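I have placed the structure first, in the form of structure tokens, so that the comments after it can refer back to it.
The values are calculated or read from the model by the stated rules, or taken from the named source; none is laboratory data. Keep in mind it's a predicted model, so treat the numbers as computed, not measured. Positions of Cβ are generated from backbone atoms using ideal geometry, with glycine treated the same way; all protein chains shown enter the neighbour counts.
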């Protein structure tokens, strides 16, 4: 069974294909996109060992010439140096303006491949095959690409839409539990910011902290509803002029947690979970939503086995200084995404610094 979700944009519309055991169809799907003959796969060694052959064979069977470039796994390698090495392979492989880069991996691989594709020869074709839950429901959809700067996450990047996103739920069977839980943070985020039904569906689940304990129909619903939520938002605001900023719920403080722990203590979804709990507390202090709703969010994050506390050893003054480096700062003011109720959030720069300090200290 295959579901198609359309991301409708003025110039660069594309489809998200949600399937099971559909990785072998990538060649035929790519063939319909009017691409050039050369495809460079960007992946990391472990993912490529699992899924490289089936991807390469499918593309070659469809008539493409395929090469690959492997990058080390992990957020700490999401750098301009890694991008430069992708460029070196692109040059050796003689990629042309109608050639394609294909991301086969999690969110880090997708972000980097998209940025490399956006900047090589001023922009070549780009396909996403996410292999992590976080990549499937978030990073692969919407065209945000980029790398980290030592002083901040994703400060260097571009909006660049893929030609296709192929989501094959069967590849999640090789995903470590920790990475699955990290992806659940983004799923919960969609429930809070956009899709109350999804949030309530998650509340009814017996277990959210392991793929093995998840029913197949719930996994399908998680993938389709999350992708549909992101597609709805991105279709209305491709380049974050307004509405799209709500997708950053939990990310403002989450990015600070990642940055101040040098990207080696928490994976991205764990930091987002911590950020959502903090945002929920700020919203509660500002009387934006009820203590019951705040507790429901907390309970769901805890049910997914995710962390909820900012580490005690993080320096609050450094955290506030780091917030000022965030991409969402406008006119010197930090913009927060805060919930009004389950399924609805607001964007505000009216978070008092004393309140912020209180939440950071007493989290």
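Taking residue 134 as meeting all but one of (1) buried (at least 17 other Cβ atoms within 10 Å of the Cβ); (2) at negative phi; (3) in a strand (DSSP E or B), write down the number of the exception.
(3)
What is the number of the single condition among (1) surrounded by 15 or more Cβ atoms within 10 Å (Cβ to Cβ); (2) in a helix (DSSP H, G or I); (3) without any contact (Cβ under 8 Å) to a residue 60 or more places away in the chain that residue 60 does not meet?
The single condition residue 60 does not satisfy is (1).
I need the full set of residues from region 250-266 which are part of a loop (DSSP other than H, G, I, E, B) and surrounded by fewer than 24 Cβ atoms within 10 Å (Cβ to Cβ), in order please.
Answer for region 250-266, where residues must be part of a loop (DSSP other than H, G, I, E, B) and surrounded by fewer than 24 Cβ atoms within 10 Å (Cβ to Cβ): 261, 262, 263, 264, 265, 266.
Mind telling me which of the residues 72, 10 ends up being without any contact (Cβ under 8 Å) to a residue 40 or more places away in the chain, outside any helix (DSSP H, G or I) and not assigned by TED's automatic domain parsing to the domain that holds residue 228?
Matching residue, one of 72, 10: 72.
So, in region 23-56, exactly how many residues are touching a helix residue (DSSP H, G or I) at 6+ places or on another chain (Cβ under 8 Å) and either over 19 Å from residue 98 (Cβ atoms) or part of a helix (DSSP H, G or I) (or both)?
Number satisfying all stated conditions: 14.
Taking the options 272, 277, 316, name whichever one is closer than 20 Å to residue 152 by Cα, out of contact with any strand residue (DSSP E or B) (no Cβ under 6 Å at 6 or more places or on another chain) and surrounded by 21 or more Cβ atoms within 10 Å (Cβ to Cβ).
272
Inside region 15-49, can you point out the residues that are modelled with pLDDT of 95 or more, surrounded by fewer than 16 Cβ atoms within 10 Å (Cβ to Cβ) and over 21 Å from the mean Cα position of the chain (by Cα)?
Scanning region 15-49 gives 24, 28, 31, 32, 33, 36, 37, 49.
Identify the single condition in (1) at pLDDT 95 or above; (2) within 23 Å of residue 211 (Cα to Cα); (3) crowded, with 24+ Cβ neighbours inside 10 Å that residue 114 does not satisfy, given that it satisfies every other one.
All conditions pass for residue 114, except number (2).
Can you tell me how many residues in region 303-333 are within 20 Å of the chain's Cα centre (by Cα) and modelled with pLDDT of 85 or more?
5
Among (1) at pLDDT 90 or above; (2) farther than 18 Å from residue 255 by Cα, there is one condition residue 336 misses while meeting the rest; what is its number?
(2)
What is the residue count in region 122-172 for residues that are in contact with a helix residue (DSSP H, G or I) (Cβ under 7 Å, 6 or more places away or on another chain) and within 24 Å of residue 218 (Cβ to Cβ)?
21
Would you point out which residue out of 82, 76 is more than 29 Å from residue 229 (Cβ to Cβ) and out of contact with any helix residue (DSSP H, G or I) (no Cβ under 8 Å at 6 or more places or on another chain)?
Answer to the check: 76.
Does residue 104 satisfy the criteria of being buried (at least 24 other Cβ atoms within 10 Å of the Cβ), closer than 22 Å to residue 211 by Cα and at pLDDT below 95?
no
Any chance you could count how many residues in region 145-164 are crowded, with 23+ Cβ neighbours inside 10 Å and either in a loop (DSSP other than H, G, I, E, B) or free of Cβ contacts under 8 Å to residues at least 60 places away in the same chain (or both)?
Residues that pass the stated criteria total 2.
With the requirement that a residue be farther than 23 Å from residue 298 by Cβ and modelled with pLDDT of 95 or more, what does region 233-250 give you?
Result: no residue meets the conditions.
Evaluate the following for residue 65: is it surrounded by fewer than 19 Cβ atoms within 10 Å (Cβ to Cβ) and more than 29 Å from residue 179 (Cβ to Cβ)?
Spelling it out, residue 65 is indeed surrounded by fewer than 19 Cβ atoms within 10 Å (Cβ to Cβ) and more than 29 Å from residue 179 (Cβ to Cβ).
When region 231-247 is examined, which residues are found to be outside any loop (DSSP other than H, G, I, E, B) and within 13 Å of residue 9 (Cβ to Cβ)?
Those that are outside any loop (DSSP other than H, G, I, E, B) and within 13 Å of residue 9 (Cβ to Cβ): 231, 232, 233, 234, 235, 236, 244.
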